[in-house]
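Below: the structure, in structure tokens.
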Amino acid sequence: MVNTLGMSTTLRASNIVSLARFKARASEVINNLNSSQEPVVITQNGAAAAVLVTPADFDRLVTHAAFMESVQRGLADVEAGRVIDHGLLAAEVTERYGE
């Protein structure tokens, strides 16, 4: 299954690594991450503690989160009535700055 960011949401056992194994084989884990393009869950005491992703996936996650936050702010503005009609805005811009 692939989520909206293009990343797989199904983890395989090969995508789960203990912290001890990660410490011992960090280069290998990172090389596998870059080859597979699949996030790696790092566990500590048997529980998920961190997720390792490629820089490109991290950028997508950050960009997606910022976009969603912006959409939420826009929807809140609409709900609160903090909007202006397109025609009124166009007229105001034309009045201030000309055609």
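The values are calculated or read from the model by the stated rules, or taken from the named source; none is laboratory data. Just so we're clear, the structure is a prediction, and the values are computed from it rather than from any experiment. Heads up, the Cβs are rebuilt from the backbone with ideal geometry, glycines too, and the neighbour counts pull from every protein chain shown.
Note on segment 52-95: among residues that are among the basic types (Lys, Arg) and either at pLDDT 95 or above or in the same structural domain as Asn34 (by TED's automatic domain parsing) (or both), the one that is nearest to Val41 (Cα to Cα) is Arg60.
Name the single residue that is nearest to Ala20 (Cα to Cα) among those in segment 44-53 being out of contact with any Leu (no Cβ under 6 Å at 6 or more places or on another chain) and either touching a residue at least 40 places away in the same chain (Cβ under 8 Å) or of a type in the set (S, T, N, Q) (or both). Checking each candidate, the answer is Asn45.
Among the residues of segment 1-36, just one is under 26 Å from Met68 (Cβ atoms) and at pLDDT 95 or above, namely Leu33. Considering segment 14-43, and only residues there that are hydroxyl-bearing (Ser, Thr, Tyr) and surrounded by 13 or more Cβ atoms within 10 Å (Cβ to Cβ), the residue that is nearest to the chain's Cα centre (by Cα) turns out to be Ser36.
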